[in-house]
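Below is one structure, written out as structure tokens; the observations come after it.
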Amino acid sequence: MTVLEQVGRAAIVHVEDAGALTMQFWSVLRKLPRVLPMVGARRRWRSAVEQMLAIGASALPMSGAMSLCTGFILSLQSASELRRYGALEFVVDLVVIGFTRELGPLITALSVSGRSASAISAEIGTMVVTEEIDALRVMGLDPVEFTLAPKYLAALITLPCLTILSTLCGIFAGYLFLAFSMDMSLRIYLQAVAQAILLRDVAFMLVKSLVFATIIVHVGCLEGLRVRGGPEAVGHSTTAAVVKSTFLIILADLVATAVFYLMGWSSAG
Amino acid sequence: MTNSSTVKAGDAVISIRGVSMSYNGRRVLDRVDLDVCRGEILVLLGGSGSGKTTLLKHVLGLAKPEAGSITINGVDITCCSPSELGTVRRRIGVAFQAGALFNSLSIEDNVALPLRELTRLADTTIKLVVWMKLIAVGLSDAGSLYPPELSGGMRKRAAVARAMALDPEILILDEPSAGLDPIVSAGLDELILFLKRSFGVTILVVTHELESAFHIADRVAMLYQGRLIAVDKKEQFAGHAHPRIRQFLDRQPDAMPRVAAEEFIASYLRGVQR
């Protein structure tokens with residue numbers, strides 16, 4: 001009986017958690033239009049722009065550099081194998097397909113998760129500890145609209161942009177490698193890229209990056225709101241935010257990729 | 001439980017009736033009855049962990065009590081709709097313990113925030129109102145600074161200015177003098193009295209600072225372990241005979257249980273001998 005009770009209690013706690021997550025998500029989605037420039041409340045879009053700079057623009061050097069390196073590593077590693085079969089030109093396909101389908105969104109999401117999930121949860125956690133969230137509620141301002149919605153909007157807009165840019169960086173790294181190793185000209189490389197790239201893959205990449213953006217900002221906000229007690233709790237929440245969002249990104253990627261292949265969308269590529 | 005008999009029922013702006021609350025089986029508030037009357041300064045005293053912050057959270061509608069009702073301006077906020085709660089809250093200004101100023105906004109913008117978000121005033125009007133509020137709290141030349149650049153006392157003043165932004169009927173101050181030196185703290189007391197005199201606001205102050213409490217209060221209430229053990233005019237309160245109040249007012253420490261103390265000393269001596 002006690003075991004049953006324990007299991008039941010744990011189940012209830014987890015179900016409540018999941019419910020709270022979903023409710024939070026819907027309430028933010030409902031408030032998103034309020035943050036937009038023309039239709040939203042006056043001034044609110046400015047904080048969305050600030051968040052875009054913080055989440056997106058300042059993450060560009062890091063995710064770009066990571067993609068460049070990864071692109072280089074990928075072409076280096078695959079070239080040494082493909083050369084044995086005299087198929088060095090397939091490096092282009094590998095880099096292009098690898099980055100549009102997988103590495104571009106993943107690397108971008110991981111770098112943003114490391115930077116912003118922690119920053120978001122630290123910011124919101126501090127607001128909880130210093131009673132700023134309470135102050136907003138008492139003033140009759142909705143904390144969801146005021147602090148969460150701008151972050152969601154910023155992440156949902158900037159992460160796809162970042163993903164596109166870092167994918168370009170990765171593909172560019174492939175060109176650098178081939179230019180050095182077999183003197184491939186840019187024109188030929190671009191032709192090969194144009195043949196390898198598929199609109200469906202690009203669309204899939206953007207959908208993935210939207211999912212990852214949601215995970216990063218949602219986990220960051222929730223861990224922040226969960227902070228109870230003093231400033232040391234903020235430290236715990238930032239760690240938890242990064243760990244959880246990174247794990248969930250990989251998990252979501254796995255699910256998305258499995259769906260992608262099960263639906264047979266990969267065959268034409 | 002003594003409700004001051006001089007209070008007529010209609011005078012109460014905030015009226016707390018039988019409010020109880022417990023966390024994890026521990027009683028934090030136990031059937032609290034309290035009235036705050038129009039135009040008075042009521043000081044809620046209590047040691048750490050006495051439940052005063054919890055009571056404040058309930059009055060602000062940030063937490064719902066397990067039992068009892070809290071009526072503010074005739075609206076029971078424990079069971080009203082969110083929009084009703086919103087209208088009630090618009091008449092309340094709150095200065096939180098640490099100020100709760102938004103660090104990304106300047107002091108001016110912090111004070112202007114409720115005006116910009118909740119009213120349709122023109123920008124020039126808002127500027128004027130903000131300027132007046134900052135003069136009232138003595139911060140007229142610090143408007144362009146950001147919260148981290150202010151001293152503790154200035155931050156509290158700024159928080160009071162923001163709480164006053166919408167000209168509330170009720171001003172709630174959480175530990176206004178905690179962590180401030182005596183001079184700054186005295187200045188804040190004067191500010192509170194000034195606000196009462198010139199704007200006629202009803203003020204509820206939560207504190208454990210005795211001196212400032214007796215300086216500003218009209219009436220004093222005392223919470224002990226979640227129970228309200230006395231509410232009285234400050235003159236009567238100072239002579240109250242309740243042992244807990246005497247202990248609090250005379251600053252006596254809790255007696256260490258005798259057995260525990262002896263055991264502690266014995267174990268200490270044993271350690272020394274080794």
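The values are calculated or read from the model by the stated rules, or taken from the named source; none is laboratory data. Quick caveat, the model's predicted, so the values are computed rather than measured. Heads up, the Cβs are rebuilt from the backbone with ideal geometry, glycines too, and the neighbour counts pull from every protein chain shown.
A few notes on this one:
- Contact map, the stretch B:201-224: residues that are farther than 15 Å from B:Ala178 by Cα and assigned by TED's automatic domain parsing to the domain that holds B:Glu235 paired with residues that are assigned to a loop (DSSP other than H, G, I, E, B) and among the small types (Gly, Ala, Ser), Cβ distance under 7 Å, separation 6+ or inter-chain. Pairs shown: B:Thr202/B:Gly39; B:Arg219/B:Ser4; B:Leu223/B:Ser50; B:Leu223/B:Gly51; B:Tyr224/B:Ser50.
- B:Ser50 meets all of the listed conditions (1) within 16 Å of the chain's Cα centre (by Cα); (2) under 24 Å from B:Met154 (Cα atoms) but one, namely (2).
Matching residues to (1) away from every other protein chain (no Cβ under 14 Å); (2) touching a residue at least 40 places away in the same chain (Cβ under 8 Å); (3) surrounded by fewer than 24 Cβ atoms within 10 Å (Cβ to Cβ):
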{"site": "A:Ser113", "(1), (2), (3)": "yes, yes, no"}
{"site": "A:Thr130", "(1), (2), (3)": "no, no, yes"}
{"site": "A:Leu136", "(1), (2), (3)": "no, no, yes"}
{"site": "A:Glu145", "(1), (2), (3)": "no, yes, yes"}
{"site": "A:Ala154", "(1), (2), (3)": "yes, yes, no"}
{"site": "A:Thr167", "(1), (2), (3)": "yes, yes, no"}
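- Qualifying residue in the stretch A:179-190 (condition: loosely packed, with under 14 Cβ neighbours inside 10 Å, farther than 30 Å from A:Ala48 by Cα and of a type in the set (Lys, Arg)): yes
- Selection status of B:Leu56, within 14 Å of chain A (Cβ to nearest Cβ) and among the aliphatic types (A, V, I, L, M): yes
- Residue match in the stretch A:83-98 (condition: at pLDDT below 90 and of a type in the set (Gly, Ala, Ser)): yes
- Filtered residues of the stretch B:18-44 (kept if touching a residue at least 12 places away in the same chain (Cβ under 8 Å) and either more than 18 Å from the chain's Cα centre (by Cα) or not assigned by TED's automatic domain parsing to the domain that holds B:Leu204 (or both)): B:Gly18, B:Ser20, B:Met21, B:Ser22, B:Arg27, B:Asp30, B:Arg31
- Which numbered condition A:Leu136 misses (of (1) among the hydrophobic types (A, V, I, L, M, F, W, C); (2) closer than 30 Å to B:Asp174 by Cα; (3) not in a helix (DSSP H, G or I)): (3)
- So B:Phe194, is it of a type outside the set (A, V, I, L, M) and more than 15 Å from the chain's Cα centre (by Cα): yes
- Options B:Ser144, B:Ser151, B:Ser185: the member that is hydroxyl-bearing (Ser, Thr, Tyr) and in the same structural domain as B:Val59 (by TED's automatic domain parsing): B:Ser185
Residues checked against (1) out of contact with any helix residue (DSSP H, G or I) (no Cβ under 8 Å at 6 or more places or on another chain); (2) at pLDDT 90 or above; (3) closer than 22 Å to A:Ile120 by Cα:
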position: A:Gly230; (1), (2), (3): no, no, yes
position: A:Ser237; (1), (2), (3): no, yes, yes
position: A:Ser245; (1), (2), (3): no, yes, yes
position: A:Ile249; (1), (2), (3): no, yes, yes
position: A:Leu262; (1), (2), (3): yes, no, no
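- Within the stretch B:1-27, the residues that satisfy the criterion of being within 27 Å of B:Arg246 (Cβ to Cβ) and at pLDDT below 85 are B:Met1, B:Thr2, B:Asn3, B:Ser4, B:Ser5, B:Thr6, B:Val7, B:Arg26, B:Arg27.
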